[in-house]
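Written out below as structure tokens is the structure these notes cover.
The values are calculated or read from the model by the stated rules, or taken from the named source; none is laboratory data. What you are looking at is a predicted structure, and each value in this text was computed from that prediction instead of being measured. Here the Cβ positions follow ideal geometry from the backbone for every residue, glycine too, while neighbour counts run over all protein chains shown.
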Amino acid sequence: MTNLTDLTVAEIRDGFRAGDFSAREVAEGFNANVAAAKALNAFIVETPEKALAAAGAADAAKAAGETLGALAGVPIGMKDLFCTEGVQTTAASHMLEGFVPTYESTVSGKLWAAGAGMLGKLNLDQFAMGSSNETSYFGNVISPWKRGGGDNAALAPGGSSGGSSSAISARLCPAATGTDTGGSIRQPAAFTGISGIKPTYGRCSRWGIVAFASSLDQAGPMARTVRDNALLLEVMAGFDPKDSTSLDLAVPQWEANLSSDLRGKTVGIPREYRPDGLNAEIAALWDKGIAWLRDAGANVVDVSLPHTKYALPTYYIIAPAEASSNLARYDGVRYGQRDLPDGAGLQDMYAATRAAGFGPEVKRRIMIGTYVLSAGFYDAYYTQAQKVRALISRDFDRAFEQCDLLLTPTAPSAAFTLGEKQADPLAMYLNDVFTVPASLAGLPAMSVPGGLDSQGLPLGLQIIGKALDEQTVLNAGLAIEERAGFVARPDKWW
Amino acid sequence: MSIDLQTVKKIASLSRISVTDAEAQAMVPELNNILGWVEQLGEVDVTGIQPMTAVIPNTQRLRVDAVTDGNVREHVLANAPQAEHGFFAVPKVIE
């Protein structure tokens, strides 16, 4: 019999409808995998009863001949950055430990309304700040992947959506939500051999997602196939009056319109993404990706994005600035932790609460953000960064006059070992060098697995599209997926 | 522009994060490294460039000036570290 936990979202959806298996069998299979994978630390809270309840409702609806939701019978993981009514939501912080929202985020609510069930809340970098899932208050997430040759070193699943990436590649869930501020869907997807898409800024409502950097944050799906990403994004996207930056546009039928025929499309290859010293295996995979897209019928041209080298420093002004403002809400008064030293006044309580509730990386970013926004430095840092951001965005506009999409590597290396980059914040930040520019410009971007490196670890390719053109991004992703034939999966050790 | 211990303590105070002397001392080189690195933005010619305000063109919507929710005091207070008599409770702020 088919192992139900090896199925994709589309296969579960279709098999459930066809009566090949019940929703309950699927939920039980994934619940068992989740319960047996504590060693990965991918979940902060497990909710097997929620998965079973949604499955029961799906089975009952099917038996009664009712119309089934788009995700009826499909259990998923929810990144613990999405507020879930009645289920603890922490953003992987001590600050929000014990916080139980009395409301549901728009995106998670749409997924449940479509019939999906929740397997649990997935671990992440604290407040989504990190690229390795090593800043969580609830401990590191471990990648299910190992280097070949008996090397037993624990590897990073990427970040910040590291619980999502680890859980999907270990078959603890067929799909999960992620959020992406500077690469937090794409880089973990690349590290674990799965796919993930960050849609155009404004496609998915940010309402009810714990805020990090509001002009950059976007939710998106993570799953094992491009088709699964397309169908999940259709459910997650859509206008929400509760988010002032939500785009008031109809949601396209991305799944129905999937096509790996790229004839008539032109792919741009940005030369600035090939710096001296680019990892040779990454460069070789990129060349393969170019050949695959050409094989799918696309034309290929070289393009230039001249301000690429300034994207990371721009990001590390803008994101901390917005974070310092967003995280000002954690004051020990309305929700979350409170630390009230004996005899302390209100100001002392704020400072003690925030000292105890935030981890080192979160404090570092709040302080950088506070500094660049402070009187006398605002123009030199923040205004300058917003001007450079406009130039980075203009680079993309100009490139898209010559092409329809861009192909680049997702990350400058394969997964690294836990602890390897912890001592040097700057070395960690450089992980996002290829993903941050599209975030700054609000463009849709996706990572798909391209192959394994010589150590047996997955490498990803990134596709960046024009604003609102998720379809071309998904189509190119499908063209790569069909040609890469990526079927590798981690050997079970957990 | 490099920052010193006094500046770190001032930023911490503006951020409402209490730090020990040792923590502040450790942050001086860390923050200087990051700020030194972002300062390369100063070399970009931004003559005539307007700071970006919205990544995707969008219109500011107005909503009807009407009550859309409310009467959820229990929900609002449900996660408060300390709530008393239907209010958030905080330490005394007036001597």
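Here are some notes:
- Residue within the range B:49-64 that is farther than 30 Å from A:Cys204 by Cα, more than 9 Å from every other protein chain (Cβ to nearest Cβ) and among the β-branched types (Val, Ile, Thr) present: no
- Residues within the range A:228-279 that are closer than 30 Å to A:Leu305 by Cα and charged (D, E, K, R), tallied: 8
- From A:Gly120, A:Gly196, A:Gly163, residue being within 30 Å of B:Glu74 (Cα to Cα), in contact with an Asp or Glu (Cβ under 9 Å, 6 or more places away or on another chain) and not in a loop (DSSP other than H, G, I, E, B): A:Gly120
- Tally of residues being surrounded by fewer than 23 Cβ atoms within 10 Å (Cβ to Cβ) and either in a helix (DSSP H, G or I) or facing chain B (nearest Cβ under 7 Å) (or both) across the range A:373-383: 6
- Spans of helices (runs of 4 or more DSSP H) in the range B:1-83 with at least 1 residues within 29 Å of A:Thr84 (Cβ to Cβ): B:73-77
- The one condition from (1) surrounded by 18 or more Cβ atoms within 10 Å (Cβ to Cβ); (2) within 23 Å of B:Ile56 (Cα to Cα) that A:Tyr273 does not meet is (2).
- Test: residue in the range A:144-157 that is closer than 24 Å to A:Ile12 by Cβ and either modelled with pLDDT under 95 or within 14 Å of the chain's Cα centre (by Cα) (or both): yes
To keep it simple, each residue is scored yes or no on (1) touching a Ser or Thr at 6+ places or on another chain (Cβ under 7 Å); (2) surrounded by 24 or more Cβ atoms within 10 Å (Cβ to Cβ); (3) closer than 22 Å to A:Phe30 by Cα.
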residue	(1), (2), (3)
A:Ala58	no, yes, yes
A:Lys62	no, no, yes
A:Glu66	no, no, no
A:Leu71	no, yes, yes
A:Gly77	yes, yes, yes
A:Asp80	yes, yes, yes
A:Gly98	no, no, no
A:Thr102	no, no, no
A:Ser108	yes, yes, yes
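- Residue in the range A:316-338 that is nearest to the other protein chains (Cβ to nearest Cβ), counting only those that are assigned to a loop (DSSP other than H, G, I, E, B) and in contact (Cβ under 8 Å) with a residue 24 or more places away in the chain: A:Tyr335
- Options A:Pro313, A:Pro341; residue that is touching a helix residue (DSSP H, G or I) at 6+ places or on another chain (Cβ under 6 Å), closer than 30 Å to B:Glu74 by Cβ and either at the interface with chain B (Cβ under 8 Å from one of its Cβ atoms) or not in a helix (DSSP H, G or I) (or both): A:Pro341
- Looking only at the range B:37-48, residues that are more than 7 Å from chain A (Cβ to nearest Cβ) and surrounded by 14 or more Cβ atoms within 10 Å (Cβ to Cβ) come to 1 in all.
- Inter-residue pairs, beta-carbon under 6 Å, first within 12 Å of another protein chain (Cβ to nearest Cβ) and in the range A:390-404, second at pLDDT below 95, 6+ apart: A:Ala390/B:Met52
- Any hit, the range A:414-421, residues being within 14 Å of chain B (Cβ to nearest Cβ) and either part of a helix (DSSP H, G or I) or buried (at least 24 other Cβ atoms within 10 Å of the Cβ) (or both): no
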